[in-house]
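Presented below is the structure to which this report refers.
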Amino acid sequence: MNKMIQGLLVMALALGGSIVSTVAMAETPQEAAVRKLVQPTFREGVKIDSVTKTPYSGLYEVRVGSDVMYTDEKAQYLFTGEIIDAKSGTNYTKARIDDLSKVKFSDLPLDSALKMVKGDGKRVIAVFEDPNCGFCKQFRKTLTSMDNITVYTFMYNILAEDSKTKSKNIWCSADRNKAWDEWMLNGKVAPEAPANCTTPNDKIFALGQKLRVTGTPSVFFSDGSRAPGMLDMKTLESKIAAAASNTKAN
């Protein structure tokens, strides 16, 4: 391909009516032709997972994992960025990426997480947190003030070298859940772990990398959706309710 533009694509679209979701299906001959044309744009070894024609001004979605780009029917240009409906403000690219980023909650290795149960524990979330994360400590205060919830916490060590040590000491404590709260809420350091104590640190780090968790805290909900960053109580409650509704619907 002779030409390629990589830049922000924010399109003013007035698409009267709802946008048809891109769904996984066999490529049409036209989509297959676009795939063949656009593949040389990517470095060797990068596999395009799908090429799908969109309702957006004749563009084609090019998907690599959960990354989404766009190209024209001749694959002369490759666009990175977001498509936003000018009338409604709906960010279609974000919605698509959110859908692609979903996980199957039941597949998470919950036995390798800390578990906090409040009240009846019926509402369930999983959180990736680093013991050196200041926002995680603030978010932990929000979580402890909630009721009727189960929180699975994966200690995801990405911020500092001693995060691994702190996580190991907490995991190897007699009451690891209490040790975590003591550290996150009160700054009380857990006792040094026995040398022979094993932890799921490496397993959780690999999981986080696979799920493309790039920051902490990151919250996963029962319907597989996620939300990066520290959420306030109102937003968290809303997302938990929406996830529960989606889970029932499915």
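The values are calculated or read from the model by the stated rules, or taken from the named source; none is laboratory data. Just so it is clear, the model here is predicted, and its values are computed rather than measured. We place every Cβ from the backbone using ideal geometry, glycine too, and count neighbours over all the protein chains shown. Just so you know, the surface numbers come from the protein's heavy atoms only, side chains and all, with ligands and any DNA or RNA stripped out. Shrake-Rupley method; radii C 1.70, N 1.55, O 1.52, S 1.80 Å.
If only the Cβ of Lys and Arg carry +1 and only the Cβ of Asp and Glu carry -1, the dipole of the chain around its Cα centre is close to 120 debye. The alpha carbons of the stretch 22-95 give a radius of gyration and a Dmax of 12.2, 40 Å, in that order. Using a probe of 1.4 angstrom and keeping all protein chains present, the accessible surface of the chain works out to 55 square angstrom per residue. Counting 0.36 nm for each residue step from LEU159 to LYS53 and taking away their Cα separation leaves a gain of 34.2 nm.
Note on the stretch 181-237: the alpha carbon radius of gyration divided by the globular reference 2.2 N^0.38 Å gives 1.47. This model, with +1 at the C-beta of Lys and Arg and -1 at the C-beta of Asp and Glu, gives the stretch 39-140 a dipole about its Cα centre of some 380 debye.
Rounded, prolate or oblate: which fits the stretch 105-153, taking a ≥ b ≥ c as square roots of the Cα gyration tensor eigenvalues, rounded meaning a/c under 1.5, else prolate when a/b beats b/c? Oblate, because a/c is 1.5 or more while a/b does not exceed b/c. Straight-line reach from LYS36: which lysines fall under 17 Å, measuring Cα to Cα and dropping same-chain residues less than 8 apart? The qualifying lysines are LYS3, LYS47, LYS53, LYS74. Measuring against 23 Å, Cα to Cα, the residue pairs LYS168/LYS188; LYS137/LYS168; LYS102/LYS137; LYS164/LYS239; LYS122/LYS188; LYS94/LYS239 contain LYS102/LYS137; LYS164/LYS239; LYS122/LYS188 as the ones spanning a longer distance. Per-residue ellipticity at 222 nm from helix content only, as computed over the chain with -39500 (n - 2.57) for each DSSP H run of at least four residues, stands at -9500 deg cm²/dmol. Computed over the alpha carbons of the stretch 80-176, Rg followed by Dmax gives 17.3, 56 Å.
Extension gain for LYS94-LYS203 works out to 36.4 nm (0.36 nm per residue, less the C-alpha to C-alpha distance).
Between the residues THR80, THR165, GLY58, the greatest Cα displacement towards the positive end of the dipole of the chain, with unit charges on the Cβ of Lys, Arg, Asp and Glu, is found for THR165. Taking Cα centre as origin and charging only the Cβ of basic (Lys, Arg, +1) and acidic (Asp, Glu, -1) residues, the dipole magnitude of the stretch 85-224 rounds to 200 debye. Longest stretch of the chain clear of exposed loop sites (GluC sites (Glu not before Pro), DSSP loop, at most 13 other Cβ atoms within 10 Å, sites excluded): 45-160.
Taking a ≥ b ≥ c as the square roots of the eigenvalues of the alpha carbon gyration tensor, the stretch 109-250 is prolate, as a/c is not under 1.5 and a/b beats b/c. For the stretch 211-231, list residues with backbone N below 19 Å from a point placed 7 Å from the Cα of LEU110 toward its Cβ? Only 218-227 fall inside the zone, counting backbone N under 19 Å. Taking the accessible area of the chain, probe 1.4 Å, and keeping the other protein chains in place, the carbon and sulfur fraction comes to 52%. Would you indicate which of (i) 17.6, 58; (ii) 21.6, 64; (iii) 19.2, 60 is the value of Rg and Dmax of the Cα atoms in Å derived from the coordinates of this structure? The listed entry that was calculated here is (ii).
Between ALA195 and SER101, residue separation times 0.36 nm minus the direct Cα-Cα distance comes to 30.1 nm.
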